[in-house]
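**Student:** Pasting a structure below so you can have a look.
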Amino acid sequence: MICFELRSSFVAATAIIFFCLHFVFNHALNESFAILLKDGSSNDYFVNLELGSTNDPAVTVATFCQDYNLLPSSCSALDNIVRRKYFHNGDTFGDWNESFEYVFITAFYDIGRGKWTEFKRSEHDYMQNFHNLLQINIPLVVFIDEKYYDLTRAAIIKYRTHNHLFTKVITINENFLTKNILSWSYIEVEEAIMSTHSYQQAILTRPEQLTPETLYPRYNCINHAKIDFIKYVIDHEYSILPIHIGYLGWVDFGYISIESAVLPFELNSQLLFSDHVSVLNTVPIDPLVDSDPLTVLSLSLAKIHGAFWFGSNSALLRYHTAYHRSLQSMHDVNIADDDQAVMLQVVFNEPGLLKLWRNAPLWGYFDWGWYVGFILFNRLLWESLSLVKLVAQANQQIHLVDQQNELPTTIVLVRES
């Protein structure tokens, strides 16, 4: 039993009311709060506040406050109590900024890449890049291998707590992935495909035959899992996020590999808030070639960035279904490939679901073609050219094209004098 002394206009404008809250937990997404209201007389009474899996806790509390005419200070206290008890999934750092209508999701699980002979990348490399990501002004949900929780927590405290950026951390392990991540069930399937003679013949024509997506099933499956992590957040929103979120983005844990790419950032919602999944591509898509997953595998065609994408809840749920359907179709014809190859098939299998934004590499910063999302969708860059000295060495243009609607938008980057 927890008691608070609060003011409310329910009995009288200046009456002192004590709320005593008794928490009854039915299960993770159904909780009951028995609130005892005392007005200083003998007229004590209980009021039940029910939170279930089908309603938004923040809205429910707000409605309760309105129904009982509680003052804002009382509502704030009640809301804080409910959230501390209710949003129990993972550890939360920082505060939710009400200006954010979205959240980005990222994840890191150690698949042993630090021990590879080719394309080696250590957990230290990933963590260093993650430090750069933490400095971007975005709310984050981080799924982290339980082995690296302490390092992750220390990095969040170092880079995000000073400005109270919201960060939710959820630890994962093999059991979590097996239970919650559909793509993790494909490891044996992809391993079997990669071992076949027909698959080995198909990759002979690739510019680089031995790449992670043709060698390591766990590499492919952790990349396929990106949309599964997104779906997990949507399905468990009430225990992960403090409010209902209409838009979510994916960003790779090691997305920002150089510190100079850490720029002041504000999401350009005018571009990204739509009922689509926005993705980036730098090479024009050819339906005659790219619609065939075997050709994509054989030629190692990478035309869509899997490291950064963004969409509405409803579009992302449709994308989850479309992604797994497309991946299953690839498996059916003995093809194992990475997430970017699957995304390319979704373009053709579910027309209109993915909104393709085509961009040209930035002059002098060709690496930025990989993590250009935080530049092209940065409202601050669109509204002010004061940042161009960081990204342009000469007069250049970034062509950002909505291919579905064929509406080209051009940012002219002018070198500062």
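The values are calculated or read from the model by the stated rules, or taken from the named source; none is laboratory data. The structure presented is a predicted model; accordingly, all values stated were derived computationally and were not measured. Every residue, glycine as well, gets a Cβ built from its backbone with ideal geometry; the counts of neighbours run over all protein chains shown. All accessible areas refer to the heavy atoms of the entire protein, side chains included, with ligands and DNA or RNA removed. Shrake-Rupley method; radii C 1.70, N 1.55, O 1.52, S 1.80 Å.
**Student:** Consider L248 carefully, then state whether it is among the aliphatic types (A, V, I, L, M), surrounded by 22 or more Cβ atoms within 10 Å (Cβ to Cβ), at pLDDT 80 or above and within 26 Å of T60 (Cα to Cα).
**Tutor:** Against the criterion (among the aliphatic types (A, V, I, L, M), surrounded by 22 or more Cβ atoms within 10 Å (Cβ to Cβ), at pLDDT 80 or above and within 26 Å of T60 (Cα to Cα)), L248 qualifies.
**Student:** Could we say that H88 is open to solvent by 30 Å² or more (accessible area, probe 1.4 Å) and either under 20 Å from N220 (Cα atoms) or modelled with pLDDT under 80 (or both) here?
**Tutor:** Taking the combined requirement at face value, the residue satisfies it.
**Student:** Check L294, L316 and return the single one that is open to solvent by less than 20 Å² (accessible area, probe 1.4 Å), in contact (Cβ under 8 Å) with a residue 24 or more places away in the chain and not aromatic (F, W, Y).
**Tutor:** Exactly one residue qualifies, and that residue is L316.
**Student:** Related question: Please go through region 256-268 and give me each residue that is open to solvent by less than 30 Å² (accessible area, probe 1.4 Å) and either outside any loop (DSSP other than H, G, I, E, B) or at pLDDT 90 or above (or both), ordered by number.
**Tutor:** A261, L267
**Student:** Kindly indicate whether V289 is in a helix (DSSP H, G or I), in contact with a helix residue (DSSP H, G or I) (Cβ under 7 Å, 6 or more places away or on another chain) and open to solvent by less than 20 Å² (accessible area, probe 1.4 Å).
**Tutor:** Spelling it out, it is not the case that V289 is in a helix (DSSP H, G or I), in contact with a helix residue (DSSP H, G or I) (Cβ under 7 Å, 6 or more places away or on another chain) and open to solvent by less than 20 Å² (accessible area, probe 1.4 Å).
**Student:** Is it the case that G311 is in a loop (DSSP other than H, G, I, E, B), under 27 Å from V233 (Cα atoms) and within 18 Å of the chain's Cα centre (by Cα)?
**Tutor:** no
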